[in-house]
Amino acid sequence: MIQRKPKKCKGTGRAIGFGCLTPKMLHKFGLCIDCFKNWLFDTSEGSKYRESVQIRAKKHVQKQTKKEESEKKEENRQKKIDLMSSDRYRAKYVQTVFNKIARLIDYGQPCIVTGYYDGIMNGGHFISVGNNRTLSLNLHNIHIQSYESNGPKGGDNQLYRQGLIDTYGIEYLEKIEALKSTPALKLSKSELVNFRSIAMKIVNELKNNLIVRTPEERIVLREEINQRIGIYN
């Protein structure tokens with residue numbers, strides 16, 4: 001270990017011109033500990049330095065506190081997730097991402113049911129989640145739909161059916177209806193976590209490529225993304 005040697009106490013930097021000029025162990029700014037304290041509290045430059053240190057310390061504490069609060073919040077969120085059933089996790093954390101993918105595929109399109117462009121747009125299921133959990137994440141079963149149409153007072157299946165025919169044709173409607181024969185899926189929470197991670201990446205890709213697609217392009221893209229995520233392979 002290298003031993004420090006006493007040096008003349010002579011201020012440098014902010015403390016230039018201050019110091020007792022006695023050989024001592026130096027603390028900061030070329031000053032011994034006693035002279036440093038005197039400079040810190042008895043001079044305007046020392047006062048400014050002291051205030052800047054206090055501000056930095058306060059910001060550090062605030063930053064650390066914010067970080068700890070964020071970590072605590074994330075810990076609590078993770079605990080809640082750990083206690084969730086697989087279906088509850090799907091509904092709260094996975095379904096919303098898949099609905100967003102459907103809306104982004106249908107970017108620039110009207111509500112599949114009403115044909116209107118205005119209002120808040122959701123991702124609405126043709127075959128309802130309540131009737132068929134297995135198809136809840138199949139993008140062929142999710143299309144852009146207004147909140148008014150898909151909300152508590154909405155959900156007209158006949159109008160949805162006609163919207164699919166008008167937009168994509170009868171063959172595509174039949175393809176969607178044939179999905180009802182898909183074997184029941186029992187997805188574990190760990191599988192859903194993985195599928196959500198893939199879906200989030202796809203959301204970001206689609207956000208960076210916002211274009212209006214033809215009906216044929218939207219069908220193909222739904223199929224490609226379904227295959228990429230891998231739930232319905």
Within region 72-90, of all residues that are at pLDDT below 85 and hydrophobic (A, V, I, L, M, F, W, C), the one surrounded by the most Cβ atoms within 10 Å (Cβ to Cβ) is 81
Suppose we keep only residues that are hydrophobic (A, V, I, L, M, F, W, C) and within 15 Å of residue 172 (Cβ to Cβ) within region 215-233. Which one would you say is surrounded by the fewest Cβ atoms within 10 Å (Cβ to Cβ)? 220
Determine whether residue 144 is among the aliphatic types (A, V, I, L, M) and either more than 16 Å from residue 124 (Cβ to Cβ) or surrounded by fewer than 14 Cβ atoms within 10 Å (Cβ to Cβ) (or both). no
Out of region 28-43, which residues are open to solvent by 60 Å² or more (accessible area, probe 1.4 Å), in a helix (DSSP H, G or I) and within 21 Å of residue 6 (Cβ to Cβ)? 33, 34, 37, 38
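For every residue, the table says whether it meets (1) surrounded by 14 or more Cβ atoms within 10 Å (Cβ to Cβ); (2) in contact with a strand residue (DSSP E or B) (Cβ under 8 Å, 6 or more places away or on another chain); (3) at positive phi.
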{"site": "121", "(1), (2), (3)": "yes, yes, no"}
{"site": "139", "(1), (2), (3)": "yes, no, no"}
{"site": "210", "(1), (2), (3)": "no, no, no"}
{"site": "213", "(1), (2), (3)": "yes, no, no"}
Does any residue of region 91-109 turn out to be over 19 Å from the mean Cα position of the chain (by Cα) and buried (at least 21 other Cβ atoms within 10 Å of the Cβ)? yes
Which listed residue, of 213, 161, is in a helix (DSSP H, G or I) and either within 19 Å of residue 127 (Cβ to Cβ) or at pLDDT 95 or above (or both): 161
In region 1-27, which residues are touching a residue at least 12 places away in the same chain (Cβ under 8 Å) and part of a strand (DSSP E or B)? 7, 8, 23, 24, 26
For the structure I just gave you, tell me whether residue 185 is surrounded by 11 or more Cβ atoms within 10 Å (Cβ to Cβ) and not in a helix (DSSP H, G or I). yes
Looking at (1) open to solvent by 40 Å² or more (accessible area, probe 1.4 Å); (2) in contact with a helix residue (DSSP H, G or I) (Cβ under 7 Å, 6 or more places away or on another chain); (3) assigned to a helix (DSSP H, G or I), find the lone condition where residue 202 falls short. (1)
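The values are calculated or read from the model by the stated rules, or taken from the named source; none is laboratory data. The shown structure was predicted, so the numbers you read here are calculated from the model rather than taken from an experiment. Neighbour counts are summed over all protein chains in view; Cβ atoms, including those assigned to glycine, are modelled from backbone coordinates with ideal geometry. Each accessible area value is taken on the protein alone, full model and side chains, heavy atoms only, with ligands, DNA and RNA left out. Shrake-Rupley method; radii C 1.70, N 1.55, O 1.52, S 1.80 Å.
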